[in-house]
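The values are calculated or read from the model by the stated rules, or taken from the named source; none is laboratory data. Keep in mind it's a predicted model, so treat the numbers as computed, not measured. Cβ atoms come from the backbone with ideal geometry, glycine included; neighbour counts cover every protein chain shown. Heads up: the accessible areas ignore ligands, DNA and RNA and are worked out on the full protein's heavy atoms, side chains in. Shrake-Rupley method; radii C 1.70, N 1.55, O 1.52, S 1.80 Å.
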Amino acid sequence: MNEQGISIISFGYFEHDFLGKIADSVSLEFMMPVHIREGHLDLSEYYDAARRQYNGNLLLREVDAQYSAGSIKTFGLFYVDLFIPILTYIFGQAFLGGHTAIASIYRLSNERYGLKEADDSLLERLTKEVVHELGHTFGLIHCHVPACVMASSTYVEDIDQKSAKLCVKCRLQLSKNM
Amino acid sequence: MAKKISILIVDDERSVRDSLYNWFIEDGYRVECAENAKEALHMVESDSFDIILADIKMPGMDGLEMLRRIKSHRKESIVIVMTAFATVDTAVQALKDGAYDYVTKPFDPDDLSHLIRNASKQISLSEENEALKERVVSLENIEDLIGKSAAMQSVLKEVESVAQSNSSVIITGESGTGKELIARAIHSNSPRRFFPLVSVHCGALTESLLESELFGHEKGAFTGAMYNRKGRFEMADGGTIFLDEIATISSKMQVELLRVLESKSFIRVGGNKEITSDFRVICATNRDLKNMVTNGTFREDLYYRLNVVNIQIPPLRDRVEDIPLLVDYFIRKYCTSMNKLPVTIEPSALKRLQEFDFPGNIRELENMVERAIVVGNGKKITLKDLPLQKSMIVSTLESLDDVEKSHILQTLINHEWNISQTARALKVDRVTLYNKIRKYNLKPLE
Ligand SMILES: [Zn+2]
Ligand SMILES: [Zn+2]
């Protein structure tokens, strides 16, 4: 088990190279090592038949309970459509100032919206989402600097409007929180 | 926003309370929860909440009764009523009783954030009115917008005065002068600041893509369009749309754009429903639009509609007195983001920077400083750290990574960022090169 750094746990098959690139960006942004592992959960337990989606609250709690030991932060990466009871969907979510966060690639792909898949856009969006949710676990809240990765995104196009990096203010806050 | 807006969530379902609590805390609000109406009323008496989000159906006192009591206690409270089963009757009753809005669970995340931003705007506007209508505009929140020169100060004055209005603005300036920053400054000092600033880089999109980007499309509009998708005009509702490189749009798009600006309404691609959106337009260009009107490549009527206010950003070589300030700012910015102690710059190097003509303007200066911090000795930026002369002699580098980064960057520059040529020159494949560019976060100067 890794005593240090951030663990990214993939649930479902992600290309090694793809995960590696995300891990590189995350590692640069938070200045700590990032380890990639595979996770196994029976997702049917989190499926809501009425909504045909997966319960993000329960999954976040489960990842936290089963996978968070041994690392500073833990991130669960999924393929399935996530929701929480009050919202129609979420890209991901985190325990603010906590240990664990999750995100799904499901709503990030252009194909889902009937557009051509741009080569790097999926990777970029997922990277931003991972950095964003991890930012929350480090206690960062949403930022009003539009290019900052901590800017709030409720639409997939909002994600494209921002960079994958923390702005100077958030970075200072991060170093205070760390 | 000086003071944190406070939200009280009233719902008997714990998962709803928790989810909303997390959502709003991440957005920077102060949030409290109550399980039932009675508890909520107690809390409202001792603490004033700006926004109360309450479920209608709760055991004991229901949400509508609670709404009436809260409104009689504090008329200006904004109460939003939530329900899982919308009926017209309860909606009408809630609005009659003074609810600010009535929403059905579950919410679309975008709708929820719009709803709360609308409410926040109302709160801040009524507070601003109360506060002697005094409006102190602060440009402090705008990163990177720096300059003491007369030229820059007059730009900032224009930004301040135009921010309060709703006029269309055209920002002109050479590339790299920071036109997007000016747009952001106008937006975040305007009453529209609680709503999005949506940017569109017109030059980067083909005509058909631009149309779908701007207006959105309906499910089934074309093969593979499985979902409805909002366009940028729709996303900018309540806020500002920033159209960069406006001079690049086709004559067909010019006609469409004019129509949208006149009617503030449009139809999604493949749709038939008219959608209205309340947005402000800010455009930017590095071309001479007036000249394009004269030679017939840009519509005159569109030009006059966009060009209500024109802000011209001076090129960096016309405000060399700002260079020391900017250098100092970029040094702090990059040293912070690279977790390094702030470096200084040798006076002779600074002097050479002030003599350089910077065709790429501030962006070029910023990239130069960032690069100098990376390749420099970590204490002082010297002349040899700055790519002002043709051949760069790289020495006194500290780690293997530094050498690699600097070598890759120089090779990329030599091949004008042509990835295939650079990869060949470095004898690696393109994927490896891309990975290195990503790893070292290398960017072209222009
Ligand atoms: Zn967030
Ligand atoms: Zn930020």
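All conditions but one from (1) out of contact with any Phe, Trp or Tyr (no Cβ under 9 Å at 6 or more places or on another chain); (2) within 11 Å of another protein chain (Cβ to nearest Cβ); (3) within 14 Å of ligand 1 (Cβ to nearest atom) apply to A:K128; the one that does not is (2). Check segment B:43-50 and report whether any residue there is over 24 Å from A:L87 (Cβ atoms) and either open to solvent by 70 Å² or more (accessible area, probe 1.4 Å) or within 16 Å of ligand 1 (Cβ to nearest atom) (or both). Looking through segment B:43-50, at least one residue is over 24 Å from A:L87 (Cβ atoms) and either open to solvent by 70 Å² or more (accessible area, probe 1.4 Å) or within 16 Å of ligand 1 (Cβ to nearest atom) (or both).
Which one of B:S161, B:S188, B:S165 is over 13 Å from B:A284 (Cβ atoms), out of contact with any Lys or Arg (no Cβ under 7 Å at 6 or more places or on another chain), small (G, A, S) and at pLDDT below 85? Within the list B:S161, B:S188, B:S165, the selection yields B:S188. Inside segment A:133-164, can you point out the residues that are more than 9 Å from ligand 2 (Cβ to nearest atom) and either under 15 Å from B:S337 (Cβ atoms) or open to solvent by 50 Å² or more (accessible area, probe 1.4 Å) (or both)? Correct list: A:I141, A:D160, A:Q161, A:S163, A:A164.
Rundown of residues vs (1) assigned to a helix (DSSP H, G or I); (2) at the interface with another protein chain (Cβ under 8 Å from one of its Cβ atoms); (3) free of Cβ contacts under 8 Å to residues at least 60 places away in the same chain; (4) closer than 18 Å to B:L306 by Cβ, yes/no style:
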| position | (1), (2), (3), (4) |
| --- | --- |
| B:S190 | no, no, no, yes |
| B:V200 | no, no, yes, yes |
| B:L210 | yes, no, yes, yes |
| B:F233 | yes, no, yes, yes |
| B:G238 | no, no, no, no |
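B:N141 meets the conditions (1) farther than 14 Å from B:E245 by Cα; (2) in a loop (DSSP other than H, G, I, E, B); (3) modelled with pLDDT of 80 or more in every case but one. The failed one is (3). Pairs meeting the criteria (first residue in segment A:122-138 and outside any helix (DSSP H, G or I), second residue not hydrophobic (A, V, I, L, M, F, W, C), beta carbons under 8 Å, at least 6 apart or on different chains) are A:F138/A:K73; A:F138/A:G97; A:F138/A:N177. Counting the residues of segment A:139-178 that are farther than 16 Å from A:I22 by Cβ and not in a loop (DSSP other than H, G, I, E, B) gives 15.
Among the helices (runs of 4 or more DSSP H) lying completely within segment B:274-379, list those that include at least 3 residues that are under 24 Å from A:L172 (Cα atoms) and open to solvent by 60 Å² or more (accessible area, probe 1.4 Å). Give the derivation first.
On the way: elements: B:289-294, B:300-306, B:323-337, B:347-355, B:361-375.
Helices (runs of 4 or more DSSP H) meeting the threshold: B:323-337.
Do we have B:V269 as open to solvent by less than 70 Å² (accessible area, probe 1.4 Å) and either at pLDDT below 90 or within 14 Å of chain A (Cβ to nearest Cβ) (or both) here? Reasoning before the result, please.
Values: open to solvent by less than 70 Å² (accessible area, probe 1.4 Å): yes; either at pLDDT below 90 or within 14 Å of chain A (Cβ to nearest Cβ) (or both): yes.
Answer is yes for this residue.
If you go through segment B:250-265 one residue at a time, do you hit one that is within 14 Å of chain A (Cβ to nearest Cβ) and in contact with a strand residue (DSSP E or B) (Cβ under 8 Å, 6 or more places away or on another chain)? Quick ask: steps written out before the conclusion?
Of the residues in segment B:250-265, the ones within 14 Å of chain A (Cβ to nearest Cβ) are none.
Within segment B:250-265 (the criterion being within 14 Å of chain A (Cβ to nearest Cβ) and in contact with a strand residue (DSSP E or B) (Cβ under 8 Å, 6 or more places away or on another chain)), the answer is no, since none of the residues qualifies.
When A:G97, A:G135 are checked against the criterion of being within 14 Å of ligand 1 (Cβ to nearest atom), touching a strand residue (DSSP E or B) at 6+ places or on another chain (Cβ under 9 Å) and either among the acidic types (D, E) or modelled with pLDDT of 90 or more (or both), A:G135 stands alone in meeting it.
Residues in segment B:193-208 that are more than 9 Å from the chain's Cα centre (by Cα) and at pLDDT 85 or above: B:V200, B:H201, B:C202.
Taken over segment A:4-59, residues that are in a strand (DSSP E or B) and either open to solvent by less than 40 Å² (accessible area, probe 1.4 Å) or in contact (Cβ under 8 Å) with a residue 60 or more places away in the chain (or both) amount to 8.
Can you confirm whether segment A:166-176 contains a residue that is modelled with pLDDT under 95, farther than 26 Å from B:N441 by Cβ, more than 11 Å from chain B (Cβ to nearest Cβ) and open to solvent by 10 Å² or more (accessible area, probe 1.4 Å)?
Here is the first cut: in segment A:166-176, the ones modelled with pLDDT under 95 are A:166-176.
If we keep only those that are farther than 26 Å from B:N441 by Cβ too, we end up with none.
Scanning segment A:166-176, I find no residue that is modelled with pLDDT under 95, farther than 26 Å from B:N441 by Cβ, more than 11 Å from chain B (Cβ to nearest Cβ) and open to solvent by 10 Å² or more (accessible area, probe 1.4 Å), so the answer is no.
Answer with yes or no whether B:D18 is open to solvent by 30 Å² or more (accessible area, probe 1.4 Å), within 37 Å of the chain's Cα centre (by Cα) and within 16 Å of ligand 2 (Cβ to nearest atom).
Details: open to solvent by 30 Å² or more (accessible area, probe 1.4 Å): yes; within 37 Å of the chain's Cα centre (by Cα): yes; within 16 Å of ligand 2 (Cβ to nearest atom): no.
Spelling it out, it is not the case that B:D18 is open to solvent by 30 Å² or more (accessible area, probe 1.4 Å), within 37 Å of the chain's Cα centre (by Cα) and within 16 Å of ligand 2 (Cβ to nearest atom).
With the condition kept exactly as written, say whether any residue in segment A:82-91 is away from ligand 1 (no atom under 12 Å from the Cβ), more than 9 Å from chain B (Cβ to nearest Cβ) and out of contact with any Phe, Trp or Tyr (no Cβ under 7 Å at 6 or more places or on another chain). The answer is no, given that none of the residues of segment A:82-91 is away from ligand 1 (no atom under 12 Å from the Cβ), more than 9 Å from chain B (Cβ to nearest Cβ) and out of contact with any Phe, Trp or Tyr (no Cβ under 7 Å at 6 or more places or on another chain). Could you please let me know if B:G28 is closer than 30 Å to A:V156 by Cβ and assigned to a loop (DSSP other than H, G, I, E, B)? When the stated conditions are applied, B:G28 passes them. Condition check for A:N177 on (1) within 11 Å of ligand 1 (Cβ to nearest atom); (2) farther than 26 Å from B:H114 by Cα: one failure, at (1).
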